[in-house]
Amino acid sequence: MDCARALAAGARVHEHRFVRLPDLREASDIPGAAFPGLPPTYIPLRNAIFYSFGASYAEEIGASAIAGGHNSDDAGVFEDVGPRFFSHLQKALRSGSAGLRKSSLQILRPLKRMNKVSVVRLASSLGVPLELTWSCHRDGRTHCWRCPGCASRSHAFSEAGVEDPLSPASRKIT
Ligand SMILES: [Zn+2]
């Protein structure tokens, strides 16, 4: 959350709102759950929930777009990151709100054709403050470098040929 606040401040976001969802659980935290083909980090229908909150906020402020940072790697694993899901969701959200129909609400996914390696390269080329990005699935003060999020981050930075300012190796140098 500290990283999200810092990134939003740097991007001069008008209002940065946090939504708390304490009852959402990952597959690994659901006793006896079986989600074939999905990783333990899967949260059942998370994007239906997240984008519904986004759409509610969009209607509230009269916004015409919701943007998500999903990449092509995620779309290969999770059904609720794919084009079919978002096409249907956009229609469903518009059908439930005169305000969103009037604004022709769009769900934008500018990174949808890029894999994580390409996203890291793009971020580096744009001067994104990568030291403020967060990938760890745990809630420590620093990245654990052992969870799937950290492993994926390490792999993407390595393949992109971009030095990760947060990696333990980088921190030893500075
Ligand atoms: Zn981690």
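The values are calculated or read from the model by the stated rules, or taken from the named source; none is laboratory data. Predicted model, so just to flag it, every value in this text is computed and none were measured. Heads up, the Cβs are rebuilt from the backbone with ideal geometry, glycines too, and the neighbour counts pull from every protein chain shown.
Sort out which residues of the stretch 81-97 are within 27 Å of residue 122 (Cβ to Cβ) and either of a type outside the set (D, E, K, R) or within 12 Å of the chain's Cα centre (by Cα) (or both), and write them in order of number.
Across the stretch 81-97, the qualifying residues are 81, 82, 83, 85, 86, 87, 89, 90.
Filter the stretch 77-101 down to residues that are aliphatic (A, V, I, L, M) and not in a loop (DSSP other than H, G, I, E, B) and give me whichever is surrounded by the fewest Cβ atoms within 10 Å (Cβ to Cβ).
Among those residues, the one meeting the criterion is 98.
Test of understanding: among 84, 153, which residue is free of Cβ contacts under 8 Å to residues at least 40 places away in the same chain, basic (Lys, Arg) and within 16 Å of the ligand (Cβ to nearest atom)?
Just a single option satisfies the conditions, and that option is 153.
Among (1) outside any helix (DSSP H, G or I); (2) within 27 Å of residue 5 (Cβ to Cβ), where does residue 104 come up short?
Residue 104 satisfies all of (1) outside any helix (DSSP H, G or I); (2) within 27 Å of residue 5 (Cβ to Cβ) except (2).
Here are the criteria: (1) of a type in the set (Lys, Arg); (2) farther than 26 Å from residue 44 by Cα; (3) in contact (Cβ under 8 Å) with a residue 12 or more places away in the chain. Tell me which single one residue 102 does not satisfy.
Failed condition: (3).
Among the candidates 162, 128, 120, single out the residue that is part of a loop (DSSP other than H, G, I, E, B), among the aliphatic types (A, V, I, L, M), out of contact with any strand residue (DSSP E or B) (no Cβ under 6 Å at 6 or more places or on another chain) and over 24 Å from residue 65 (Cβ atoms).
The unique qualifying residue is 162.
Of everything in the stretch 53-67 that's of a type in the set (Gly, Ala, Ser) and either surrounded by fewer than 16 Cβ atoms within 10 Å (Cβ to Cβ) or not assigned by TED's automatic domain parsing to the domain that holds residue 26 (or both), which residue is farthest from the chain's Cα centre (by Cα)?
By that ranking, first place goes to 62.
Any chance the stretch 47-64 includes a residue that's among the charged types (D, E, K, R), at pLDDT 95 or above and touching a Phe, Trp or Tyr at 6+ places or on another chain (Cβ under 8 Å)?
no
Quickly run through the stretch 1-58 and pick out the residues that are within 20 Å of residue 139 (Cβ to Cβ), part of a helix (DSSP H, G or I) and without any contact (Cβ under 8 Å) to a residue 40 or more places away in the chain.
Result: 2, 5, 8, 27, 28, 29, 46, 49, 50.
I'd like the full set of residues that are more than 9 Å from the ligand (Cβ to nearest atom) and either of a type outside the set (A, V, I, L, M) or within 16 Å of residue 41 (Cβ to Cβ) (or both), limited to the stretch 131-141.
131, 133, 134, 139, 141
Within the stretch 131-150, count every residue that is surrounded by 14 or more Cβ atoms within 10 Å (Cβ to Cβ) and in a helix (DSSP H, G or I).
3
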